[in-house]
Amino acid sequence: MEVHHTFFDLTVQNIYMIDLRRVQVLRVVDQVGTVTAAARLLHLTPSAVSQQLRTLARDVGVDLLVPDGRGVRLSPAAHALLRHADEIAERWENARAELLDEADQPPGALAVGGIPSSLDMVVAPAVADLTRSEPRMRVRISEVETTDAFEHVLSGELDVAVFVPNRDCPPTDDPRFEQDHLLEVPQDLLVPAGHPLVGEPDVTLDRAAHEPWILPAPDSCDQHELALLACTQAGFRPTVAHEAREWAATAALVGHGLGVALVPRLVRIPEGLNAVRVPLADPAAPRRRLLTCIRRGSGSQRAIGLGLSALAAAAGRAVAEPVTT
C-alpha cells in the first residue's frame, strides 16, 4: 500500500490567490469613500463591490470593513493593505509598459480628461496632433472637473487628467499619482465695454472691490474658489450679484453691464459680447495653473507618454500665441 502525503500551506495559497482586480476595488472605495460611489465609478453594482471586498478579506485573512453607524468603513488592516497595494499598482503599471514594449504593439488606446477650459486650451489641440501623428492610436476625450479627476484616473476610466489644483486635491507626493506642471496663465479682469478701467495702465484687482461680481456657484467648479481667493488676497470679499459657470455665459452677463469677472488669459471670449479684458498689474496677480495627473508608474507606457508629450507641446504653443478674443 502506498501512502501519499500532501503538504499545502494555506498562507502560500492566499498569497497566490489574491486578485489584483479586487485590490483595485479596495483602492477605489478608499478614494471615493463609499461602496455605492465606487460601484458607480467601476460600473458594478454595490453588491458586486461588497462581494469583491469580502472575497479579498477572505484571501488575506483579515477584516477589511468594520461597521460604522448605518454603513461601513475601512479597517486599520485595510489601510495597511492599501499602503502595499499602491506599491503593487505602481509595479504593475511599469510591468505593463515593459510587456507592451516587448510585444512591439502600436500605442493602443488613451483616455484623456480635462476641466472644461482646458479642452479648448490644450487637450483638443494635443489630441488632434496625436491622432495625426499616430493614426492607429484610439484617443477619447472626456470633460471632468478637478473634484472627479483623481478618482477617474485611479479607477482606469482616464489615463491622463488635466486639472486645476485646489485644496481638496491629493498632495503631490501621493503614492497613487504622478502630478506634473503643464502651464500657468494670468487671469484678466473682464469688464463691460466702456468701463472706466478699460485702457487704464497698471490696473490692480482692488480697483474692482466695489463692483458687482459674476462667479460660478460654490462647489460647481474650480474657478469659484480661485476667484474668491484672488479677491481675498487683494483685500476684499466680492459682492456676488450673479452666478454663471460657462465662460460664454459669464462674458454675456458682463457685456450687458451686470458685473465683472475674472477670466483666464487663454480662454476665448466669443465676439460681439461687449466684454473687454483688462490685464492686471498686481505683483501677485491671480494666476491659473494646469497640472496633469496619471497613475504612478504608468508614464512609461507608450500611449500615456505620447499623450503627455502632446499636451506639453500644445501648452507651449498656447502660451506663446496671443489670445485674439
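The values are calculated or read from the model by the stated rules, or taken from the named source; none is laboratory data. What you are looking at is a predicted structure, and each value in this text was computed from that prediction instead of being measured. Using ideal geometry, Cβ is built from the backbone for each residue, glycine included, and neighbour counts are taken over all protein chains shown.
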Legend entry - P171 being free of Cβ contacts under 8 Å to residues at least 12 places away in the same chain and under 25 Å from the mean Cα position of the chain (by Cα): yes
Inset, instruction - Could you please let me know if R245 is surrounded by fewer than 16 Cβ atoms within 10 Å (Cβ to Cβ) and closer than 21 Å to H152 by Cβ? - result: yes
Legend entry - Failed item in (1) assigned to a strand (DSSP E or B); (2) closer than 22 Å to P165 by Cα, with V240 passing the rest: (2)
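Where in segment 71-158 are there helices (runs of 4 or more DSSP H), lying wholly inside it, with at least 1 residues that are at pLDDT below 90 and surrounded by fewer than 13 Cβ atoms within 10 Å (Cβ to Cβ)?
Of the helices (runs of 4 or more DSSP H) lying wholly inside segment 71-158, those with at least 1 residues that are at pLDDT below 90 and surrounded by fewer than 13 Cβ atoms within 10 Å (Cβ to Cβ) span 76-103.
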Legend entry - segment 197-236, residues that are in a loop (DSSP other than H, G, I, E, B) and surrounded by 13 or more Cβ atoms within 10 Å (Cβ to Cβ): L197, V198, V203, T204, A209, E211, P216, S220, C221, A234, F236
Inset, instruction - Give the residues of segment 95-128 that are of a type in the set (S, T, Y) and free of Cβ contacts under 8 Å to residues at least 12 places away in the same chain, sorted by residue number. - result: none
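So, G305, is that one surrounded by fewer than 18 Cβ atoms within 10 Å (Cβ to Cβ), under 30 Å from E93 (Cα atoms) and in contact with a Gly (Cβ under 8 Å, 6 or more places away or on another chain) or not?
Yes: the conditions hold for G305.
Considering only segment 174-191, state which residues are under 15 Å from the mean Cα position of the chain (by Cα) and not in a strand (DSSP E or B). Steps first, please.
First, pick out the residues of segment 174-191 that are under 15 Å from the mean Cα position of the chain (by Cα): 174, 176-183.
Scanning segment 174-191 gives D174, R176.
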Inset, instruction - For L44, work out the one condition from (1) surrounded by fewer than 20 Cβ atoms within 10 Å (Cβ to Cβ); (2) more than 25 Å from the chain's Cα centre (by Cα) it doesn't fulfil. - result: (2)
Legend entry - Failed item in (1) hydrophobic (A, V, I, L, M, F, W, C); (2) part of a loop (DSSP other than H, G, I, E, B); (3) in contact with a helix residue (DSSP H, G or I) (Cβ under 6 Å, 6 or more places away or on another chain), with A261 passing the rest: (2)
Inset, instruction - Inspect segment 244-257 for any residue being in contact (Cβ under 8 Å) with a residue 24 or more places away in the chain, on the phi > 0 side of the Ramachandran plot, assigned to a loop (DSSP other than H, G, I, E, B) and assigned by TED's automatic domain parsing to the domain that holds G272 and give the result as yes or no. - result: yes
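Here is a yes/no grid of residues against (1) farther than 30 Å from A230 by Cβ; (2) surrounded by fewer than 19 Cβ atoms within 10 Å (Cβ to Cβ):
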site: L280; (1), (2): no, no
site: R289; (1), (2): no, yes
site: I294; (1), (2): no, no
site: S300; (1), (2): yes, yes
site: A312; (1), (2): no, yes
site: A320; (1), (2): no, yes
Inset, instruction - Looking only at segment 279-297, count how many residues are at pLDDT below 95 and not in a loop (DSSP other than H, G, I, E, B). - result: 3
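Considering each residue of segment 17-38, count those that are within 25 Å of R96 (Cα to Cα) and part of a helix (DSSP H, G or I), and give that number.
The qualifying residues number 14.
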